[in-house]
Amino acid sequence: MNEINQDIEPQDETQRARAVKQAYTSQLMAKANVVGVGVGFCQRHGQRTEQVGLVVMVDRKLPAAQLAPEDVIPHEIDGVPVDVQEVGEIRAY
């Protein structure tokens with residue numbers, strides 16, 4: 001896997017994450033439990049980090065062993081970190 005260069009400016013990280021989002025949203029949305037894809041700060045152990053990445057929102061997180069191989073979300077796409085966040089079911093009001 002590729003690591004993001006720590007010398008990249010936050011604006012560059014955001015632009016890279018937006019480009020990856022645009023390129024991969026349809027593929028990610030086709031995966032089980034995925035309800036949205038965005039760009040934002042990653043979280044680790046429930047705490048926000050300063051790392052910008054692709055945020056994949058799922059209605060509920062499942063262990064990889066319970067997912068079909070095609071539904072596993074990678075930790076990184078094209079050098080951009082991917083953070084899977086459980087948001088529950090999204091409904092329009």
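Numerical summary
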| quantity | calculated |
| --- | --- |
| Among (1) in a loop (DSSP other than H, G, I, E, B); (2) touching a helix residue (DSSP H, G or I) at 6+ places or on another chain (Cβ under 7 Å) - the single one Val52 does not satisfy | (1) |
| Close pairs from the stretch 71-82: first within 12 Å of Gln51 (Cβ to Cβ) and surrounded by 15 or more Cβ atoms within 10 Å (Cβ to Cβ), partner among the hydroxyl-bearing types (Ser, Thr, Tyr) and at pLDDT 95 or above, Cβ under 8 Å, at least 6 apart | none |
| Residue check, Val35 within 19 Å of Lys21 (Cβ to Cβ), touching a strand residue (DSSP E or B) at 6+ places or on another chain (Cβ under 6 Å) and either loosely packed, with under 13 Cβ neighbours inside 10 Å or touching a residue at least 24 places away in the same chain (Cβ under 8 Å) (or both) | yes |
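The values are calculated or read from the model by the stated rules, or taken from the named source; none is laboratory data. Note that the structure is a prediction, hence the values are computed from the model and not measured. FYI the Cβ positions are ideal-geometry reconstructions off the backbone, even for glycines, and counts take in every protein chain you see.
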